Amino acid sequence: MKDNYLTMKDKNGKKREYRILLDIEDTTKKVNYVIYTDDKKNKDGSIKAYASTYILSEKGNMTKLKPVSSIEEFDFIEKILDSLETSN
């Protein structure tokens, strides 16, 4: 992670840069989540966003990113995003 950007390799091995939107921790389950985007848009015009879990290395880097796949994790992230939306 550098200057709020995350670099990952795609399925073809090409490096892609993503802008980090939110970095959150579920303190009850000790899981870190990152929500990020490549700033591409969906058909409806909204920006595509992705969510992954990660492990924080000793150097402070996000490592071992894995896509969020469970309904429970999506619900947790959605509640966080909803609370941010209503606070604005």
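Multiplying the residue separation of GLU72 and GLU25 by 0.36 nm and subtracting their alpha-carbon distance yields 15.5 nm. Averaging 1/r over each pair of different alpha-carbon atoms in the range 5-87 and inverting the result gives 13.9 Å, the Kirkwood hydrodynamic radius. Sorting THR27, THR7, THR53 from the fewest to the most surrounding beta carbons within 10 angstrom yields THR27, THR7, THR53.
Averaging the sequence gap over all C-alpha pairs within less than 8 Å and six or more residues apart, then dividing by the number of residues, gives the chain a relative contact order of 16 percent.
Remark: the range 68-75, residue by residue, has Karplus-estimated 3J(HN,Hα) of 6, 10, 8, 4, 4, 5, 4, 4 Hz, where x stands for each Gly or Pro and the curve is 6.51 cos²θ - 1.76 cosθ + 1.60 at θ = phi - 60°.
Approximating the spin labels as points 7 Å out from Cα along Cα→Cβ, the MET8-to-ASN32 distance works out to 1.4 nm. Stretching the chain fully between LYS43 and LEU81 yields a gain of 11.5 nm (0.36 nm per residue, less the alpha carbon separation).
Here, each number is a calculation from the coordinates, and none is a lab measurement. Since this is a predicted model, take the numbers as computed values, not measurements. Positions of Cβ are backbone-derived with ideal geometry, glycine not excepted, and every protein chain shown enters the neighbour counts.
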